[in-house]
1. Quick check on region 20-74: of everything there that is within 18 Å of the chain's Cα centre (by Cα) and of a type in the set (Asp, Glu), which residue is farthest from residue 147 (Cα to Cα)?
2. When you go through (1) surrounded by fewer than 13 Cβ atoms within 10 Å (Cβ to Cβ); (2) over 18 Å from residue 106 (Cβ atoms) one by one for residue 184, which number turns out not to apply?
3. Quickly run through region 23-41 and pick out the residues that are modelled with pLDDT of 90 or more and either among the charged types (D, E, K, R) or assigned to a loop (DSSP other than H, G, I, E, B) (or both).
4. Please enumerate the residues belonging to region 9-63 that are on the phi > 0 side of the Ramachandran plot and open to solvent by 40 Å² or more (accessible area, probe 1.4 Å).
5. Do we have residue 54 as among the polar types (S, T, N, Q), without any contact (Cβ under 8 Å) to a residue 24 or more places away in the chain, assigned to a loop (DSSP other than H, G, I, E, B) and closer than 29 Å to residue 155 by Cβ here?
6. Scan region 65-95 for residues that are outside any loop (DSSP other than H, G, I, E, B) and surrounded by fewer than 18 Cβ atoms within 10 Å (Cβ to Cβ) and jot them down.
7. Name the residues in region 112-142 that are of a type in the set (Ser, Thr, Tyr) and open to solvent by 30 Å² or more (accessible area, probe 1.4 Å), would you?
8. Could you pull out the residue among 126, 156, 150 that is within 20 Å of the chain's Cα centre (by Cα), assigned to a helix (DSSP H, G or I) and farther than 30 Å from residue 73 by Cβ?
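The values are calculated or read from the model by the stated rules, or taken from the named source; none is laboratory data. Worth saying up front: this structure is predicted, and the values here are computed from it rather than measured. In this analysis, Cβ positions are derived from the backbone assuming ideal geometry, glycine residues included, and neighbour counts consider all displayed protein chains. Please note that ligands, DNA and RNA were not included when accessible areas were found on the heavy atoms of the full protein model with its side chains. Shrake-Rupley method; radii C 1.70, N 1.55, O 1.52, S 1.80 Å.
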Amino acid sequence: FNHLSMLDYFVPMYTLMKRGFFPRSILGSNLNNPSVKSEMLDFEKWGAIWCDRNKSKTRIAQYCDELQQTLANGISVLCFAEAKRNRNEMGEPDEFNKPFFRILLNAQEKINDKIIIECAASFYYDIPERGRFREIDAEGFQSEEYYRRDLQAFADWIAREKKGIARINFGKPAYLAELAGEESLREQARQSAESAQRIVTDLYREIKRFEF
């Protein structure tokens, strides 16, 4: 998926569940803290796979092992390959995270099974953060004020009477190997990330053309 908003933590998951899929979400470890947790935003309850934002070698290794085991058990995984919210607010996807695809390729080799990827794009008529990213980011990422302003934007959006419309556009499933090619692992990660980004960008452009 592309990553536009906090809404992405709910809308894609709901859509996938309606289609009979119950994936685990890959989320930044910054969301697993007391400033964010509540009955609504306690992602631990939803089986989140935490990716360490501080790049601790031990925690990254734990993340890789957990992702590998999840895939080996045949459980689907939901990820936002930009690895951050798009600060263009309603813009096209930013560059996809190449290390994530490298981890996927490593996991595929270790579990000795083919990984299937289904790219998808979301588009919202309105998002809580619209016009407020500058305010949210003012005190710096992961600061207490950052989370307070982020959650306030979400609360203000919920309080509004008109929420707007969301649409999800799904692409065709493809084997990871088809996106990656046959070069070195590093080159495969680059090719798969760029291929996935092109697919999601096309899906996003397609869905954005629809009238709401």
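1. For region 20-74, the residue satisfying everything is 66.
2. (2)
3. Of everything in region 23-41, those that are modelled with pLDDT of 90 or more and either among the charged types (D, E, K, R) or assigned to a loop (DSSP other than H, G, I, E, B) (or both) turn out to be 23, 24.
4. If we filter region 9-63 for residues that are on the phi > 0 side of the Ramachandran plot, which is where we start, we get 20, 47, 55.
The answer is 20, 55.
5. On the way: among the polar types (S, T, N, Q): yes; without any contact (Cβ under 8 Å) to a residue 24 or more places away in the chain: no; assigned to a loop (DSSP other than H, G, I, E, B): yes; closer than 29 Å to residue 155 by Cβ: yes.
The answer is no for residue 54.
6. Keep residues of region 65-95 that are outside any loop (DSSP other than H, G, I, E, B), which gives 65-72, 77-78.
Passing the criteria: 65, 66, 69, 72, 77.
7. Taking region 112-142 and keeping what is of a type in the set (Ser, Thr, Tyr), we get 122, 124-125.
Scanning region 112-142 gives a single hit, 125.
8. Working: 126 fails: assigned to a helix (DSSP H, G or I); 156 fails: within 20 Å of the chain's Cα centre (by Cα).
When all the criteria are applied, what remains is 150.
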